Amino acid sequence: MIRRLALLRHGRTAWNRQGRIQGSTDEPLDAEGRTEVSQFSLPGPWDAARLWSSPLGRARETAQIVAGREPEITPDLREMDWGRWEGQRGVDLAADPQSGFRHIEDWGWTYRPPGGESPADLRDRLLPWGDTLAGDNLAVCHIGVMRVLLALATAWNFDGPAPFRVKRNRLFVLMDDGNGLKLQSDEPVRLVRREGA
């Protein structure tokens, strides 16, 4: 059976706007992020798909707003743990040669921030969850989760510029026909702008 998984990144938070690393910290949508998300709804057939969310409030609230219903929550969709770097700004860490900071495009699968998770760690918790899915599913989650799943679908190994760009208000649709994950299309599916928005 072919199963499909559409991925949607949560709305913006104050930390997003400040350039801070959120990781597994439960930072909520800010007022502007909530307003932005409320301008959109899910296009068909994704409005009828099984709806999943990370347990973090910014993803759960985004799911509730765009879908108009409660998502199923799974801890497997929680954002990658960035350890001691959470709450700090990447630009500040990059300027400190003692921090060990690397941009995620230079991590490979096994690099991890101090006290955090590697892309391989995240992959190893996502794949068993993915194996339980059937039919059409939509997951509201985080950029780290999306990078790992899109990396698997495109054979990117966190070793240079990614062959995709994660944008907001778009669904990135993955298919699995039993031969591994693949992108359904190079172009993500845009969310529907609500009337009057």
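Summary table below
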| item | result |
| --- | --- |
| Accessible area of the chain divided out per residue, in Å², using a probe of 1.4 angstrom | 47 |
| Separation of alpha-carbon centers, the range 1-79 and the range 169-197, rounded to whole Å | 14 |
| Radius, Kirkwood style, for the chain when every pair of distinct Cα atoms is counted (Å) | 17.1 |
| Size of electric dipole in the chain: Cβ of Lys, Arg +1 and of Asp, Glu -1, about Cα centre, debye, nearest 20 | 440 |
| For the chain: relative contact order, % (alpha-carbon pairs under 8 angstrom, 6 or more apart) | 32 |
| Nonlocal amide H pairs with Leu174, under 5 Å, H built at 1.01 Å | Leu5, Ala6, Leu7, Gln184 |
| Net +/- balance of residues flanking Pro55 in space, Cβ distance below 9 Å, scoring K and R +1, D and E -1 | +1 |
| Full-stretch length increase - Ala197, Val166 - with 0.36 nm per residue and alpha-carbon distance subtracted | 8.9 nm |
| Protection proxy ranking of 121-130, 74-83, 188-197 - average other beta-carbon atoms within 10 Å, highest first | 74-83, 121-130, 188-197 |
| For the chain, calculated [θ]222 nm from helices alone, where every DSSP H run of n ≥ 4 adds -39500 (n - 2.57) | -7500 deg cm²/dmol |
| Compactness relative to 2.2 N^0.38 Å, alpha carbon Rg of the range 116-197 | 1.17 |
| Packing rank of 48-55, 3-10, 14-21, 27-34, where each peptide gets the mean count of other beta carbons within 10 Å, highest leading | 3-10, 48-55, 27-34, 14-21 |
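The values are calculated or read from the model by the stated rules, or taken from the named source; none is laboratory data. Computed from a predicted model, the values in this text were never measured in an experiment. Ideal geometry is used to build each Cβ from the backbone, glycine not excepted, and the neighbour counts take in all protein chains shown. Please note that ligands, DNA and RNA were not included when accessible areas were found on the heavy atoms of the full protein model with its side chains. Shrake-Rupley method; radii C 1.70, N 1.55, O 1.52, S 1.80 Å.
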